[in-house]
Ligand code: PEP
Ligand code: MG
């Protein structure tokens with residue numbers, strides 16, 4: 001029967017396929033005492049399952065290549081460590097040998113015991129480890145049951161419906177032509193979601209009813225943009241799907257023609273269009289789409305999904321790759337922005353902060369860890385020997401922070417030169433406008449900076465006091481708020497008068513439907529995900545800047561979202 005389920009769109013794209021449902025690995029088993037003579041055979045069965053699980057992880061590890069290997073390899077290593085942990089393995093053997101439990105039941109007991117220990121620590125870090133423990137236990141259980149696990153069987157042409165998914169698994173399944181993923185848990189900001197977007201794999205997360213209402217083998221229509229799942233779609237759904245697919249294909253074809261076209265409005269004003277990205281494929285896509293540079297390289301991605309920290313050399317190589325990949329176009333490297341919604345496994349970002357979005361994140365964290373900051377800045381400076389680099393500082397809320405970061409950068413540049421290490425002649429230094437206090441006092445930072453980037457994702461959350469990750473807030477978190485538009489207008493004008501280069505790199509810039517708003521308010525430099533460059537170039541090309549300018553005053557007078565939307569509806573004549 002047709003049923004529509006709602007979640008949160010985490011990675012755009014449409015997919016139509018068979019559902020493969022994977023229930024969470026809760027082991028619902030009852031105790032069963034083995035006869036004494038079967039104990040040895042059961043121990044062998046357990047050892048075989050452990051060996052299979054280890055071999056699967058080794059195969060997974062060997063198949064990963066390039067950046068993905070670096071990103072997800074850490075997860076796999078962690079799973080291997082759990083699998084080899086004597087606490088787990090010896091405990092399992094004891095339960096089989098001395099209590100005469102089946103290996104399956106022993107697995108359940110050990111899982112529950114370790115989970116209780118993790119939970120009692122009341123610490124987010126250990127809760128994350130609990131997910132990893134479940135992934136490992138699930139793998140051993142599948143091997144005990146001699147069930148082909150998803151990784152071995154392959155999910156080609158199918159849509160995985162699961163409680164949650166680990167980044168390593170996502171990368172592997174995508175390689176096997178998995179069509180899409182829907183999860184009950186998860187957030188669009190999870191590392192898995194970020195990887196799905198990088199891989200172009202449609203994904204819906206936070207779909208509470210997914211496991212209860214989708215059966216293995218159901219036909220499923222997944223919309224990763226709107227976060228919608230249609231189970232057993234009917235004729236009208238399929239017709240809409242085929243229509244949208246056809247128009248997406250046609251649109252892609254039309255966009256291809258814009259690849260190396262200049263970015264300009266319909267009435268001929270040139271607009272700068274840069275890309276956000278850090279993975280090698282994203283940098284390559286940015287260059288291929290004719291982006292004017294990288295407007296945001298989020299360096300925290302080098303720190304996430306791993307337990308250790310990347311050293312100066314590893315960072316240098318990643319930054320240098322990006323600089324070389326952009327072939328002479330500027331690359332904006334942002335210093336670490338861990339904390340708040342971007343948790344790491346290295347223990348750098350504090351856990352259990354009462355208000356993480358208002359806590360030790362971004363530049364605050366960097367300044368509290370001078371050794372780490374120096375390694376990062378040195379790596380960035382060294383990369384500048386290979387092409388133009390701009391260093392960008394996130395979450396600045398006071399001039400003192402701008403000053404401290406700039407002084408540090410200058411001091412390190414001097415030291416590197418003294419050491420005879422090659423660095424670029426001029427490394428531009430800028431800050432992100434994300435905290436309203438800094439937006440309101442931009443002029444006070446002017447003498448310290450060469451450029452600014454507006455991070456609307458955070459600026460909007462702090463301006464409207466609305467958590468950017470809070471689903472229950474619904475439409476309250478919105479860029480289409482008069483305060484947001486008026487503040488942006490003020491910043492664009494102020495930067496222009498001060499001759500200060502400014503670009504917007506938040507999500508707002510990459511929504512083609514909001515491009516007329518930003519142009520009307522005065523923005524002339526966009527930075528959007530590499531995959532959105534062509535679409536935004538097209539949207540800019542549809543705009544008549546003269547007309548938008550004439551209508552700007554009316555936009556600034558809007559008092560409600562509905563008025564802003566009515567303005568937008570009239571902004572670009574069909
Ligand atoms: C922003 O806040 O708009 C931004 C670009 O930074 P991030 O999304 O990484 O916080
Ligand atoms: Mg931000």
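Report, in degrees rounded to the nearest 10, the 0 to 90 angle that the Cα long axis of helix 561-571 makes with the longest principal axis of the chain.
60
Pairs of alpha-carbon atoms within less than 8 angstrom and 6+ residues apart define the contacts here; what relative contact order does the range 261-569 have, in percent? It would help to have the intermediate numbers written out before the result.
Values: 572 pairs, mean separation 61.7, N = 309.
The value is 20 percent.
Can you tell me the orientation of helix 399-418 relative to the chain, as the angle in degrees between its alpha-carbon axis and the longest Cα principal axis, to the nearest 10?
Here the helix axis deviates by roughly 80 degrees.
Would you mind ranking 505, 543 by Cβ crowding within 10 Å, fewest neighbours first? Numbers along the way, then the final one.
Working: 505 28, 543 22.
Least crowded to most crowded, the residues run 543, 505.
Work out, step by step, the length gained on full extension between residue 97 and residue 314: first 0.36 nm times the residue separation, then minus their alpha carbon distance; give nm to one decimal.
Numbers: separation 217, 0.36 × 217 = 78.12 nm, distance 4.64 nm.
Separation in residues times 0.36 nm, less the Cα-Cα distance, equals 73.5 nm.
With labels modelled as points extended 7 Å from the Cα through the Cβ direction, what inter-label distance (nm, one decimal) is found for residue 426 paired with residue 267?
3.3
Can you tell me the order of 523-536, 448-461, 94-107, 41-54 when each peptide is scored by its average per-residue count of other Cβ atoms within 10 angstrom, highest first? Kindly include the intermediate steps, with their values, before the conclusion.
Working: 523-536: 24.1, 448-461: 21.9, 94-107: 19.0, 41-54: 16.9.
Listed from highest to lowest mean packing, they are 523-536, 448-461, 94-107, 41-54.
If each residue's Cβ is checked for other Cβ atoms within 10 Å, how do 141, 489 rank with the fewest at the top? Let's see the in-between values first.
Details: 141 21, 489 18.
In increasing order of surrounding Cβ atoms, one gets 489, 141.
If you project the alpha carbons of the chain onto the principal axes, what extent comes out on each, in Å, largest first?
Principal-axis extents of the Cα atoms in the chain, largest first: 87, 67, 41 Å.
Estimate the FRET efficiency between residue 130 and residue 553 by the formula 1/(1 + (r/R0)^6), using the beta-carbon distance for r and 60 Å for R0, to the nearest 0.05.
Numbers: r = 55 Å, r/R0 = 0.92.
Once rounded, the FRET efficiency stands at 0.60.
Per DSSP H run of at least 4 residues, take -39500 (n - 2.57); add these up for the chain, divide by its residues and hand me the 222 nm value, nearest 500 deg cm²/dmol. Intermediate values should be presented prior to the final figure.
Values: 24 runs with 280 residues, N = 574.
Dividing the helical sum by the residues of the chain leaves -15000 deg cm²/dmol.
Kirkwood Rh, Cα Rg: Rg to Rh for the range 261-569?
Working: Rg = 19.0 Å, Rh = 19.8 Å.
Here Rg/Rh amounts to 0.96.
According to a simple spin-label model (label point 7 Å from Cα along Cα-to-Cβ), what is the distance in nm between residue 259 and residue 213?
4.3
Mean separation of Cα pairs under 8 Å and 6+ residues apart, divided by the residue count of the range 206-269: what relative contact order is that in percent? The partial results should precede the final answer.
Values: 20 pairs, mean separation 10.8, N = 64.
Relative contact order here is 17 percent.
Say R0 is 30 Å: what FRET efficiency, to the nearest 0.05, do residue 59 and residue 3 get from their beta-carbon distance?
Values: r = 37 Å, r/R0 = 1.23.
Efficiency, rounded to the nearest 0.05: 0.25.
Could you sort 218-230, 549-561 so that the peptide with the highest average Cβ count within 10 Å comes first and the rest follow in order? Walk me through the numbers on the way to the answer.
Values: 218-230: 21.2, 549-561: 13.9.
Put in order of decreasing packing, that is 218-230, 549-561.
Report the extension gain between residue 476 and residue 44 in nm, rounded to one decimal, defined as 0.36 nm multiplied by the number of residues separating them, less their alpha carbon distance. Mind dumping the intermediate values first?
Numbers: separation 432, 0.36 × 432 = 155.52 nm, distance 5.78 nm.
Roughly 149.7 nm would be gained on extension.
Once the piece of chain linking residue 307 and residue 398 is laid out straight, how much longer is it, given 0.36 nm per residue of separation minus the C-alpha distance between them? Don't skip to the answer; put the middle values down first.
Numbers: separation 91, 0.36 × 91 = 32.76 nm, distance 3.13 nm.
Fully extending the segment from residue 307 to residue 398 adds 29.6 nm.
With axes computed from alpha carbons, what is the tilt in degrees of helix 124-144 against the longest principal axis of the chain, rounded to the nearest 10 within 0 to 90?
50
Rounded, prolate or oblate: which one fits the range 427-566, using the alpha carbon gyration tensor with axes a ≥ b ≥ c (rounded when a/c is under 1.5, else prolate when a/b beats b/c, else oblate)? If you can, show how the numbers build up before the last one.
Details: a/c = 1.34, a/b = 1.13, b/c = 1.18.
Cα axes put the range 427-566 in the rounded bin.
Please report the relative contact order for the chain, taking Cα pairs under 8 Å with a sequence separation of at least 6, and give it as a percent rounded to a whole number. Don't jump to the answer; show the numbers that get you there.
Numbers: 1040 pairs, mean separation 81.5, N = 574.
Answer for the chain is 14 percent.
To the nearest 0.05, how large is the calculated FRET efficiency for residue 145 and residue 225 if R₀ is 35 Å and r is the Cβ-Cβ distance? Write down the numbers at each step before the final one.
Working: r = 37 Å, r/R0 = 1.06.
Working from the Cβ atoms, E equals 0.40.
Read-outs: derived from the displayed coordinates by stated rules, not from any lab. Bear in mind that the values here come from a model prediction, so they are computed numbers and not experimental data. A quick note on method: Cβ atoms are made from the backbone with ideal geometry, for glycine too, and the neighbour counts reach across all protein chains shown.
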